[in-house]
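Chemist: Please find one structure pasted underneath; my questions will follow.
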Amino acid sequence: MAEHRSLRRAAKVIGISESALSHRLRALEDVLTVALFHRSSEGVEPTQAGLVFFEQAREALRVLDLAVANAGATSRGVAGRLTLGLYTSLSTGRLRDALAAYTERHPEVDLHIVEGDRSRMVEGISSRAIDIAVLLGAPDEMLGEPLLLWHERLHIILMADHPLAERSEIAWPDVESETFLVSARGAGPEAVRLLAAQLAGPGREPLTRSHLISRETALSMVGMGLGIALMIESDLGRLPEGVLAVPLASEADDALVPLTAYRDPGNDNPPLRRFWSLLKSGYVEPSPSPEG
């Protein structure tokens with residue numbers, strides 16, 4: 001119903017009467033002791049509490065779907081399952097290459113990908129609902145056993161006719177007055193923190209607009225002139241017409257963002273061990289040589 005904005009339409013999709021759906025909704029709100037929707041003659045709109053509830057409920061359903069799929073894979077005799085959690089894109093980059101190499105070598109393994117924010121990835125590793133998660137940031141042993149993979153350059157995403165589009169690189173001061181579009185999901189909160197660290201100052205905060213949007217929607221909004229965006233290399237992939245990616249100046253602070261893989265050290269899932277070994281053997285960025 002949160003998507004349909006109408007009791008009548010939602011009831012029709014579910015296959016029950018409008019009065020029955022309304023009764024169930026009221027009963028749920030009574031149990032939660034909070035209003036999930038604003039009701040008016042024009043329809044229904046989720047309250048702020050409702051938005052939070054439905055997002056978490058969707059995540060719970062995704063976990064349930066994962067459990068069902070796991071049971072199905074076992075009954076089909078699939079030789080193992082690897083669940084990867086990430087909030088970066090697989091549109092391009094080394095992680096996509098690593099997964100392609102792994103699935104080619106181990107076609108018998110059932111690969112499952114789960115998207116979510118950092119907290120969900122960490123919870124998934126701890127509960128072993130997720131075998132391995134790839135997160136932005138330097139290794140942090142509090143999140144699990146870390147494996148520093150590589151660094152990726154940050155890029156500013158903007159319209160092709162933007163005044164900065166002809167630059168070969170963009171520095172932070174060049175975009176301090178721009179409006180950044182960020183997602184409330186995935187790596188969006190990380191981007192907000194990074195922007196605040198780089199662009200905030202006395203009496204000044206970076207201009208951000210947070211939306212529950214996908215990568216594709218963010219790129220479309222940039223193309224509509226609604227703002228600019230911040231993405232790492234693996235998020236770029238194919239950009240829509242009229243949208244360009246310009247790298248952040250190499251001398252800028254945090255121009256390069258580390259990607260780190262995490263696992264539960266006690267997780268002995270064989271497909272996980274093989275994928276971890278594959279990453280270590282061919283996809284880890286060489287450490288810089290010590291100065292003599």
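The values are calculated or read from the model by the stated rules, or taken from the named source; none is laboratory data. Quick caveat: nothing in here was measured; it's all calculated off a predicted structure. For neighbour counting, all protein chains shown are included, and Cβ atoms are generated from backbone atoms with ideal geometry for every residue, glycine included. The area values use the complete protein model at the heavy-atom level, side chains included, leaving out ligands, DNA and RNA. Shrake-Rupley method; radii C 1.70, N 1.55, O 1.52, S 1.80 Å.
Chemist: Looking at the range 17-40, which of its residues are open to solvent by 50 Å² or more (accessible area, probe 1.4 Å), outside any helix (DSSP H, G or I) and at negative phi?
Modeler: Matches in the range 17-40: Ser17, Val34, Ala35, His38, Arg39, Ser40.
Chemist: For the range 58-116, name all the residues that are under 19 Å from the mean Cα position of the chain (by Cα), open to solvent by 40 Å² or more (accessible area, probe 1.4 Å), modelled with pLDDT under 80 and of a type in the set (D, E, K, R).
Modeler: Within the range 58-116, Arg58, Arg62, Asp65 qualify.
Chemist: Just checking: which of the helices (runs of 4 or more DSSP H) contained wholly in the range 193-292 hold 1 or more residues that are at pLDDT 90 or above?
Modeler: Numbers: elements: 215-223, 233-236, 270-282.
Filter on the range 193-292 gives 215-223, 270-282.
Chemist: His162 fails exactly one of the following numbered conditions: (1) within 18 Å of the chain's Cα centre (by Cα); (2) open to solvent by less than 40 Å² (accessible area, probe 1.4 Å). What is the number of that condition?
Modeler: (1)
Chemist: Related question: Please list, ordered by first then second residue, the pairs with beta carbon atoms under 8 Å, 6 or more apart or interchain, first in the range 10-35 and in contact (Cβ under 8 Å) with a residue 40 or more places away in the chain, second surrounded by 13 or more Cβ atoms within 10 Å (Cβ to Cβ) and in a helix (DSSP H, G or I).
Modeler: Within 8 Å, no pair qualifies.
Chemist: Ok, one more. Out of Gly137, Gly124, I need the residue that is out of contact with any helix residue (DSSP H, G or I) (no Cβ under 7 Å at 6 or more places or on another chain), at positive phi and touching a residue at least 12 places away in the same chain (Cβ under 8 Å). Which one? Break it down into steps so the answer makes sense when it comes.
Modeler: Working: Gly124 fails: at positive phi.
So the residue among Gly137, Gly124 that is out of contact with any helix residue (DSSP H, G or I) (no Cβ under 7 Å at 6 or more places or on another chain), at positive phi and touching a residue at least 12 places away in the same chain (Cβ under 8 Å) is Gly137.
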